[in-house]
Amino acid sequence: MEPGNIKKDSRGAFLPPYMFYCVMVAAIGAFSNGWVIGSPNVPGAITHECSTGSARNVNPRLPDCLPMGTTLWGFAVSSFCVGGLVAGLSGGYIQTKLGRKKSILVNTIPWIIGAILQGAAVDQAMFIVGRLICGLSCGLGSVCIPTYIGEISTIKSRGAMGTCYQFFIVIGILLASVIGLPTATVPLWRLNFALVGIPAAFQLFMATTIVDSPRWLVSVGRMDEARFALQKLRGEDTSIEAEFYEIVSAQRGPEVAAESVHDPQVLSMMASEQQQQQQQQQQQQKLHASEDSSVIHPSVSGESTSADNALERDVSAEHGHASGQNTHAALSLIGIFRDPLIRFITLVILSMHFTQQWIGMNAVIFYSTTIFSEAFDPDMSKYMAIATTGVNFVATILSVFLMDRMGRRALFLLALAGCVIFSALLVIGYRFHIPALLVVSVFLYVASFAIGIGPIPWMITSELCPTYASSAVSAAATCMNWSMNFVIGLVFPDIFAAIGGYSFCIFIGVGLVAIFITATMLPETKNRSIENIVSHLHTWSSKKIMPYTNEKHPETARTTSDMALEPQQRQQLEQQQQLI
């Protein structure tokens with residue numbers, strides 16, 4: 001190959017156009033999710049409390065509204081959480097069997113059916129069933145959409161692309177609230193609930209134009225399709241050889257990975273690294289024998305090094321890859337708690353999804369209605385509620401730009417700290433009756449949540465999990481999220497009625513615990529491949545290396561492979577990597 005024709009390594013690509021297109025198509029489902037969440041916000045009162053009740057004055061076939069008491073209406077609104085929980089539990093199995101692309105296609109159908117049932121509801125039961133069916137799509141989408149986005153994104157853009165899931169949810173909530181203003185009448189409230197069928201139908205059509213996840217295709221042995229999909233996602237002007245090798249090696253073993261590489265330079269580099277690997281293993285054993293009591297921090301500050309890649313292949317060997325056989329069958333919900341590595345990853349992810357609900361975002365939104373009514377007149381309170389959604393929208397945009405700059409771990413810690421501080425200010429404002437402090441605290445709390453706690457739990461699942469475990473872990477995380485969403489909506493009104501604004505002390509406690517867990521257990525995933533992240537977590541679980549960085553002392557942020565390499569060896573590997 002002539003030097004002028006050498007293609008750039010796909011691992012250094014940022015935002016290939018077709019990859020961005022696929023992410024946007026997948027994220028339409030998140031928009032539909034947001035619409036389902038936000039559709040009852042403004043026209044909710046006219047939906048179940050109109051003056052004419054169940055009379056059929058406007059349309060002889062449909063009642064003007066669906067009269068419901070407060071309890072029944074609360075259940076009707078939150079019934080989609082039940083659907084989300086059911087679909088979330090089965091979502092892992094579905095996306096493993098069908099693949100990511102087909103799961104996204106299938107996921108659009110319940111939204112369309114639920115939209116028709118809600119828009120044409122003749123009684124309360126029909127409306128509730130429609131909400132529940134829409135919840136099925138919300139739950140399955142919570143599993144397959146973040147997984148798909150995480151698996152197709154480039155290393156450098158995965159943070160920004162992962163944020164798109166939460167970003168589109170927020171757009172859906174905001175637009176549903178804005179459209180809710182002119183549709184909060186009889187019979188236009190039906191239109192507000194039925195409109196979710198339009199983006200769902202659009203996604204059903206557009207999803208036929210995207211490729212499936214290369215990582216899933218490799219996991220089921222469809223190697224040629226995986227190579228084609230990865231090349232299309234990265235663009236024809238890039239070389240996918242090294243990236244494809246890493247993906248295949250992590251799932252099918254080094255021998256199959258070597259057979260899948262077409263570039264002689266990449267093969268030469270991999271062979272050289274494998275020769276170094278045996279020496280590294282011996283030196284690592286000696287190192288751990290003499291430094292069992294020391295703390296070593298994996299490199300998470302930037303790009304994957306050649307030594308890191310060698311460690312990944314070592315991990316693949318430890319997991320049992322041999323002769324091209326994939327020994328990793330897809331794990332079940334029970335299986336993810338039996339494997340020490342996956343159990344650790346699962347518990348970290350579950351804690352993040354628990355925190356996302358129990359940090360109190362839904363409670364703050366609920367309480368904001370009371371706050372705004374104290375500080376403003378009823379009409380202005382309605383617009384202030386929409387302004388709160390606008391703050392959520394703007395802060396989520398900011399998170400898109402910060403995610404790959406600050407990193408997931410730092411941004412999550414910052415968001416947690418903000419939520420704790422502004423929850424404390426809410427308690428102070430409640431105790432001393434300071435409306436201005438309450439209003440400002442609500443806006444800043446929402447901004448803190450949106451900048452990190454909203455998007456990161458959804459995207460971190462696909463970043464931390466190997467392909468064979470991602471479906472089951474995603475299902476468990478979705479189950480945790482939707483069940484806690486339902487519980488918080490069920491119990492918070494009673495807690496608030498009993499102790500008022502002091503209920504936010506609960507969320508302060510949850511936030512403080514979450515800060516400790518994040519600071520000690522969550523690794524940084526910025527600028528690292530999924531395979532590289534998993535390899536370091538495996539090293540942590542088997543050799544007790546701390547899975548976080550020492551930001552103040554980057555010279556100590558090295559992996560065991562980095563420490564095992566002599567300077568001359570490391571320089572040789574880096575020179576070989578630059579040949580790609």
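The values are calculated or read from the model by the stated rules, or taken from the named source; none is laboratory data. Just so we're clear, the structure is a prediction, and the values are computed from it rather than from any experiment. Every residue, glycine among them, receives a Cβ derived from its backbone with ideal geometry; neighbour counts consider all protein chains shown. In case anyone asks, the SASA skips ligands and DNA or RNA and just uses the protein heavy atoms, side chains included. Shrake-Rupley method; radii C 1.70, N 1.55, O 1.52, S 1.80 Å.
Could you tell me which of the residues Val86, Val77, Val82, Val106 is farther than 30 Å from Leu188 by Cα and in a helix (DSSP H, G or I)?
Numbers: Val77 fails: farther than 30 Å from Leu188 by Cα; Val82 fails: farther than 30 Å from Leu188 by Cα; Val106 fails: farther than 30 Å from Leu188 by Cα.
Going through Val86, Val77, Val82, Val106 in turn, just one is farther than 30 Å from Leu188 by Cα and in a helix (DSSP H, G or I): Val86.
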Item to check | Single residue of Ala363, Ala417, Ala375, Ala387 found to be at pLDDT 95 or above and over 17 Å from the mean Cα position of the chain (by Cα) | outcome: Ala417
Next on the checklist: Just checking, does segment 522-533 include any residue being among the acidic types (Asp, Glu), assigned to a loop (DSSP other than H, G, I, E, B), surrounded by 13 or more Cβ atoms within 10 Å (Cβ to Cβ) and at pLDDT 75 or above?
Outcome noted: yes
Checklist entry - Which of the residues belonging to segment 215-229 are within 13 Å of Ser249 (Cα to Cα), touching a residue at least 40 places away in the same chain (Cβ under 8 Å) and of a type outside the set (Ser, Thr, Tyr)? => result Arg215, Val218, Gly221
Item to check | In segment 1-46, the residues that are assigned to a loop (DSSP other than H, G, I, E, B), open to solvent by less than 60 Å² (accessible area, probe 1.4 Å) and not aliphatic (A, V, I, L, M) | outcome: Pro16, Ser39, Pro40, Pro43
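Might you let me know whether segment 444-460 holds any residue that is open to solvent by 40 Å² or more (accessible area, probe 1.4 Å) and among the aromatic types (Phe, Trp, Tyr)?
The first filter runs over segment 444-460 and keeps only residues open to solvent by 40 Å² or more (accessible area, probe 1.4 Å), leaving 444.
Narrowing further to those that are among the aromatic types (Phe, Trp, Tyr): none.
Scanning segment 444-460 turns up no residue that is open to solvent by 40 Å² or more (accessible area, probe 1.4 Å) and among the aromatic types (Phe, Trp, Tyr).
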Item to check | Residues located in segment 207-227, provided they are within 24 Å of the chain's Cα centre (by Cα) and surrounded by fewer than 18 Cβ atoms within 10 Å (Cβ to Cβ) | outcome: Thr208, Thr209, Val220
Next on the checklist: Of everything in segment 499-513, what is open to solvent by 10 Å² or more (accessible area, probe 1.4 Å) and of a type in the set (A, V, I, L, M, F, W, C)? Give them in sequence order.
Outcome noted: Ile499, Cys505, Ile506, Ile508, Val510, Leu512, Val513
Item to check | Top-ranked residue in segment 47-63 [being in contact with an Asp or Glu (Cβ under 9 Å, 6 or more places away or on another chain) and of a type outside the set (S, T, N, Q); ranked as most open to solvent (accessible area, probe 1.4 Å)] | outcome: Arg56
Item to check | Selection within segment 64-77 - buried (at least 20 other Cβ atoms within 10 Å of the Cβ) and either without any contact (Cβ under 8 Å) to a residue 12 or more places away in the chain or in contact with a Phe, Trp or Tyr (Cβ under 9 Å, 6 or more places away or on another chain) (or both) | outcome: Cys65, Leu66, Ala76
Checklist entry - Looking at Phe486, Phe516, Phe496, which one is free of Cβ contacts under 8 Å to residues at least 24 places away in the same chain, part of a helix (DSSP H, G or I) and surrounded by fewer than 22 Cβ atoms within 10 Å (Cβ to Cβ)? => result Phe516
Checklist entry - Out of (1) aliphatic (A, V, I, L, M); (2) under 30 Å from Pro60 (Cβ atoms); (3) modelled with pLDDT under 95; (4) open to solvent by 10 Å² or more (accessible area, probe 1.4 Å), what's the single condition that is false for Leu117? => result (3)
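Looking only at segment 101-123, count every residue that is under 15 Å from Gly83 (Cβ atoms) and either among the polar types (S, T, N, Q) or in contact with a His (Cβ under 6 Å, 6 or more places away or on another chain) (or both) and tell me the total. Explain how you work it out, then say what you get.
We begin by selecting, within segment 101-123, every residue under 15 Å from Gly83 (Cβ atoms); these are 106-115, 117-118.
Keeping just the survivors that are either among the polar types (S, T, N, Q) or in contact with a His (Cβ under 6 Å, 6 or more places away or on another chain) (or both) gives 107-108, 118.
Number of matching residues: 3.
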